[in-house]
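This report concerns only the one structure given below.
The values are calculated or read from the model by the stated rules, or taken from the named source; none is laboratory data. This is a predicted model, so every value here is computed, not measured. Every residue, glycine among them, receives a Cβ derived from its backbone with ideal geometry; neighbour counts consider all protein chains shown. Accessible surface areas use protein heavy atoms only, side chains included; no ligands, DNA or RNA. Shrake-Rupley method; radii C 1.70, N 1.55, O 1.52, S 1.80 Å.
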Amino acid sequence: MLEVEGVSVYYGRIRAIREMSFTVNEGEVVALIGANGAGKTTTMRTISGLLNCAGGKIKFAGEDITKMKAHLRVVQGISQAPEGRGIFPGMTVRENLDMGTFGRKDRSGVSKDLDRVFDLFPRLKEREKQLGGTMSGGEQQMLAIGRALMSSPKLLLLDEPSMGLAPQFIRQIFKIIREINNQGTTVLMVEQNANQALAGAHRAFVLETGQITHSGTGKELLANPSVKEAYLGVG
Ligand code: ATP
């Protein structure tokens, strides 16, 4: 579904991503893990079209989207829930969700997706009229994911979905990600919470200073001694 081929991304003269290549197959949950500053957010923003590639190619469903504008990538089926949630704090929960439907004209599809989001996150239904900015961190994270789902994506990009959440919320978010995937949405997530991310992913990649250094199934990487030592907090 997604093919990243030899992609490099610069901030000015600094190369944040170095000739990175990986794929995401339809139906998978794929996790990108790595330390602070490894390039995880840069990778996500490059796939969603918010940053330009200096070299390489990105293909989605066989089509070259390397130069495609971000809003058109959403129409093609790529949607991102950004790091730090990025909801609209002065809008209600419902208005935030409606923002995710921008450009959609299939009313019955939108109403189905709203039901789906409220089924996944009953809390959002309860708080439909509440201002986004007055909700807890966990609820804002749910709202950011819900808003991304309102564009009915084929590929959902999640940037640090567990960031800043209390442990009980972290477990819940990973469970919901699995459920979203079981319903047919392919997921690419970046995470610092490597244990949980690897446990919930079909395949995963380790990113170090803009390059992929390890890849395998979630289970393989959980058992890999150097990954364990560097990212899983055990020797
Ligand atoms: P974090 O978990 O801290 O968000 P990350 O793995 O997502 O880290 P990126 O945010 O993608 O990493 O950053 C990759 C590299 O690019 C880092 O060295 C960072 O300092 C640099 N970088 C990121 N954003 C900018 C920017 N706007 N201008 C210059 N350098 C940047």
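Test of understanding: extend the Cα→C-beta vector of His71 to 7 Å, then name every residue of region 96-132 with backbone N under 17 Å from that spot.
Those under the cut-off are 98-106.
Between 0 and 90 degrees, rounded to the nearest ten: what's the tilt of helix 167-182 against the longest Cα principal axis of the chain?
90 degrees
From largest accessible area down, sort Arg178, Arg147; use a 1.4 Å probe on the protein chains. Could you put the intermediate results ahead of the total?
Details: Arg178 90, Arg147 35 Å².
Ranked from most to least accessible, the order is Arg178, Arg147.
Report the label-to-label distance for Ile14 and Ala166 in nanometres (one decimal), using points 7 Å from each Cα along the Cα→Cβ vector.
In this crude spin-label approximation the distance works out to 3.5 nm.
Heavy atoms only, 1.4 Å probe, whole protein assembly: order His71, His202, His214 by accessible area, highest first.
Details: His71 115, His202 70, His214 45 Å².
Solvent-accessible surface, decreasing: His71, His202, His214.
Region 10-51: D in µm²/s via Stokes-Einstein (Kirkwood Rh, Cα pairs, 37 °C, 0.692 mPa s)?
Details: Rh = 11.7 Å.
D = 281 µm²/s.
Take the alpha-carbon positions of region 1-139, form their convex hull, and give its projected area averaged over all directions (one quarter of the hull surface) in nm².
On the way: hull surface 39.3 nm².
About 9.8 nm², averaged over all directions.
Could you order peptides 216-222, 86-92, 33-39 by the average number of other Cβ atoms within 10 Å of their residues, highest first? Present the calculation step by step, with values, prior to reporting the outcome.
Values: 216-222: 17.1, 86-92: 15.6, 33-39: 18.7.
Ranked from most to least packed, the peptides come out as 33-39, 216-222, 86-92.
May I ask you to list the aspartates and glutamates whose Cα is less than 16 Å away from that of Lys105, ignoring any residue fewer than eight positions away on the same chain?
Partners found: Asp113.
Roughly how far apart, in whole Å, are the Cα centres of region 130-190 and region 198-235?
Value for the Cα centre distance between the two parts: 22 Å.
Mind giving me the nanometre distance, one decimal, between the label points for Asp64 and Lys129, set 7 Å out from Cα along Cα→Cβ?
Spacing of the two 7 Å Cα→Cβ label points: 5.3 nm.
Hey, any idea what the orientation-averaged projected area of the convex hull of the chain's Cα atoms comes to, in nm²? Could the numbers behind the result be given before it?
Numbers: hull surface 49.3 nm².
So the mean shadow area of the Cα hull is 12.3 nm².
Leaving out ligands and nucleic acids, and using a 1.4 Å probe, what accessible area per residue does the chain come to in Å²? Walk me through the intermediate numbers first.
Details: 11210 Å² over 235 residues.
Ligands and nucleic acids excluded, the figure is 48 Å² per residue.
Probe radius 1.4 Å, ligands and nucleic acids ignored: give me the carbon and sulfur share of the accessible area of region 2-231 as a rounded percent. Provide the component values of the computation, followed by the final result.
Values: 5390 of 10900 Å².
The nonpolar share, carbon plus sulfur, comes to 49 percent.
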